[in-house]
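Data first, discussion second: the structure below is written as structure tokens.
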Amino acid sequence: MEDGLQSFSLGSQKFITPPGGFIFINPGESHTGEPAAARGFRYRAMYPTVAQLRSIAQELGLSDGLPQFTQPRRNDARLARMFSRMHALLMRAEPGLEAETAFVSTLAELLRIFGQARPASLRPVGVQPALDLIHAQYDRPLSLDELAAAVSLSRYHFLRSFRNQVGMPPHTYIENYRIAIAQRLLAKGRPLAQVAAEVGFSSQSHFTRRFRQTLGVTPGRYASLLQA
């Protein structure tokens, strides 16, 4: 729930959901949904498939089928921020690796915390093969499945291992690596549009935005400083 108050009934119980609150409805559960205040409400909803949830449950190491959400109403400010961010990323025209990462991470956390799912112990596995793949093919879109397969891990365990060993998620590492390559190309006098394309950014505007976020200046300003 993002704004306003929402009311719903599930069985013989009635619930009120404020901003930041979660509603969990298991498959087949009949429920209502209506405003609890005159100004209505605004929310973000997600309807993952059984196959998607089963896949993530397996990645968590669960062997007893799909976990059920035992409480239809819960609050968690951290997970609310994760969910909103994931939802916004998935709404992009080209979601990409960052959205894949948010999807797997958020659903896994929802199952782990609210679905009473306990992940299996994480065995230590080096992520160097995934780093090698990134370094060799940084100029094209890499999927989470590809990176996880490079180290023979599930997506969930790969993301945890990568962050533990590298200190950041893979999409952040890839963009930082691209920026480092871009700095070298700019030092050689390459045109901005050519550099953006060579290092794998989808557009020059995306390249400029990410470059400024990383180094504090635009690539054009960076190139002019090098020339000076």
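The values are calculated or read from the model by the stated rules, or taken from the named source; none is laboratory data. Everything quoted here is computed from the prediction, not taken from an experiment. All Cβ positions, even for glycine, are placed from backbone atoms using ideal geometry, and neighbour counts span all protein chains on display.
Here are the numbers for the structure shown:
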item: Candidates I56, I16, filtered to the one that is of a type in the set (V, I, T), outside any loop (DSSP other than H, G, I, E, B) and either closer than 22 Å to H157 by Cα or in contact with a Phe, Trp or Tyr (Cβ under 8 Å, 6 or more places away or on another chain) (or both); result: I56
item: Filtered residue count, segment 191-228, keeping only those that are of a type in the set (F, W, Y) and touching a Ser or Thr at 6+ places or on another chain (Cβ under 8 Å); result: 1
item: Selection count, segment 19-47, where residues are outside any strand (DSSP E or B) and under 22 Å from I113 (Cα atoms); result: 13
item: Test: residue in segment 112-129 that is in contact with a strand residue (DSSP E or B) (Cβ under 6 Å, 6 or more places away or on another chain), among the aromatic types (F, W, Y) and crowded, with 17+ Cβ neighbours inside 10 Å; result: yes
item: Output for segment 63-77, where each listed residue is out of contact with any Gly (no Cβ under 6 Å at 6 or more places or on another chain) and under 17 Å from V104 (Cβ atoms); result: L66
item: Yes/no for R123 being out of contact with any Cys (no Cβ under 8 Å at 6 or more places or on another chain), among the basic types (K, R) and not assigned by TED's automatic domain parsing to the domain that holds Q71; result: yes
item: Residue match in segment 94-106 (condition: farther than 19 Å from Q52 by Cα and either in the same structural domain as R42 (by TED's automatic domain parsing) or in contact with a strand residue (DSSP E or B) (Cβ under 8 Å, 6 or more places away or on another chain) (or both)); result: yes
item: Any hit, segment 43-55, residues being modelled with pLDDT of 90 or more and among the aliphatic types (A, V, I, L, M); result: yes
item: One residue from L185, L159, L192, L215 being in the same structural domain as A148 (by TED's automatic domain parsing) and either of a type in the set (A, V, I, L, M, F, W, C) or under 25 Å from A130 (Cβ atoms) (or both); result: L159
item: Residue match in segment 61-80 (condition: over 16 Å from the mean Cα position of the chain (by Cα), more than 29 Å from I16 (Cβ to Cβ) and surrounded by 12 or more Cβ atoms within 10 Å (Cβ to Cβ)); result: yes
item: P124 over 30 Å from L225 (Cβ atoms), over 16 Å from the mean Cα position of the chain (by Cα) and at pLDDT 95 or above; result: no
item: Test: residue in segment 135-143 that is of a type in the set (F, W, Y), over 30 Å from R73 (Cβ atoms) and in contact with a helix residue (DSSP H, G or I) (Cβ under 6 Å, 6 or more places away or on another chain); result: yes
item: Meets criteria (without any contact (Cβ under 8 Å) to a residue 24 or more places away in the chain, surrounded by 18 or more Cβ atoms within 10 Å (Cβ to Cβ) and not assigned by TED's automatic domain parsing to the domain that holds G96) for A136; result: no
item: Residue match in segment 76-99 (condition: over 30 Å from Q165 (Cβ atoms) and at pLDDT below 95); result: yes
item: Counted residues, segment 31-80 - those being acidic (D, E) and either in contact with a Leu (Cβ under 6 Å, 6 or more places away or on another chain) or within 26 Å of F8 (Cα to Cα) (or both); result: 2
item: Subset tally (residues that are of a type in the set (V, I, T) and crowded, with 17+ Cβ neighbours inside 10 Å) for segment 153-171; result: 0
